[in-house]
Structures are given as structure tokens and as C-alpha cells.
Amino acid sequence: MTRPTPLRRRWLAFVALPLAAAGGFALWPDTGEAQGREDEDGTERALFPVCSGPVRVTCVVDGDTIWYRGTKIRIADIDTPEVTRPGCPRERELGRRATERLRQLLNAGAFRLETPPGGRTQDRFGRELRIITRGGQSLGNVLVSEGLAHRWGGSKRGWCGAART
């Protein structure tokens, strides 16, 4: 293989590399929707992946916790099965399903983040407490109706007992 001539090296440095960089930026996806934005009507909108890795901006942690625009939010009106330390295989599977279903619901369109009744805005772990709604309906209630969440009543209920009907 022959060595590049000085003219070819200059051409690569001043023409080819900047063109390649410009082309890469032109193809780079718009991260505005991925990180989240507020629409004119006060609704929120974002593309939510399931969280992975240490950097979390906008993603779904599990069925009742999300990161949105860099803030960790606990969905105040529900409790879902654990995915990080489940008590049994059934809880792990339900937790995985709740996580995926919440991701689908959030990605389905605009939503609102509402302060829960009673005015409490943070839990004991420092997470923001919010109820997520679309069209006046709590997305948490959707998870409850599908058997993927319990209504939050102030304490956790188990997921490892007999199957619920």
C-alpha cells in the first residue's frame, strides 16, 4: 500500500473530514422529542426508552418510576411489581410487563404531569410525585385495570401470592 501524498493528506484534513462530520450531524436524530418537551396546551410529549446505563434523562425505570427531562418521577397513584429485586419470578415477569406497558402508554401521545391530591410533591427518596394523565384519565389506572399495578394506598402489597382474578 502506498503512503498518502502531502496533497492527499491536506485534502483529507480540510475537505473530506469536515464533509463527513457535516453529513453525520445532518443524519443525527433530533433529540428534542427524546428528551421531552411541553406543548403549547401544557401537555408533555417525549419518546421514552427503558432506562439503561448510568445517564438517565428521559426513560422508564419500571412500571411506576420514570426519568423525565432529567427529573426522577414516581407515579403517585400506583404501585407496580419490582424489577430490580423482585420477591419471586411472577413479580419479575409482571414488573417487566408493567415497565413495557408504561413505556407504550407514554409513547402513545401527549400527557400531563399533575400534582397528586394532598399537595405532597416528593417521596422519602426525593423523587417527584406526579400523576400522569391523558385525556383526563390516569395512566396508572390503565395499569391497574390491566392487572399490572395496585392503587397506591400508602404501603406496598405483595405480588407473589396466588394469582389475582
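See the values below:
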quantity: Those residues of region 118-152 which are surrounded by 10 or more Cβ atoms within 10 Å (Cβ to Cβ) and in a loop (DSSP other than H, G, I, E, B), in sequence order; calculated: ARG120, THR121, ASP123, ARG127, GLU146, GLY147, LEU148, ALA149, TRP152
quantity: Residue check, GLY24 at pLDDT below 95 and surrounded by 15 or more Cβ atoms within 10 Å (Cβ to Cβ); calculated: no
quantity: Positions within region 73-89 being touching an Asp or Glu at 6+ places or on another chain (Cβ under 7 Å) and charged (D, E, K, R), in sequence order; calculated: ARG74, ASP79, GLU82
quantity: Set ARG127, ARG97, ARG101, ARG92: member being without any contact (Cβ under 8 Å) to a residue 12 or more places away in the chain and under 20 Å from CYS51 (Cβ atoms); calculated: ARG92
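Quick grid of which residues meet (1) under 20 Å from GLU114 (Cβ atoms); (2) touching a Ser or Thr at 6+ places or on another chain (Cβ under 6 Å); (3) modelled with pLDDT of 95 or more:
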position: CYS51; (1), (2), (3): no, no, yes
position: THR58; (1), (2), (3): yes, no, yes
position: VAL61; (1), (2), (3): yes, no, yes
position: ILE73; (1), (2), (3): yes, no, yes
position: ALA76; (1), (2), (3): yes, no, yes
position: ARG85; (1), (2), (3): no, no, no
position: ARG92; (1), (2), (3): no, no, yes
position: ARG96; (1), (2), (3): no, no, yes
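The values are calculated or read from the model by the stated rules, or taken from the named source; none is laboratory data. Worth saying up front: this structure is predicted, and the values here are computed from it rather than measured. FYI the Cβ positions are ideal-geometry reconstructions off the backbone, even for glycines, and counts take in every protein chain you see.
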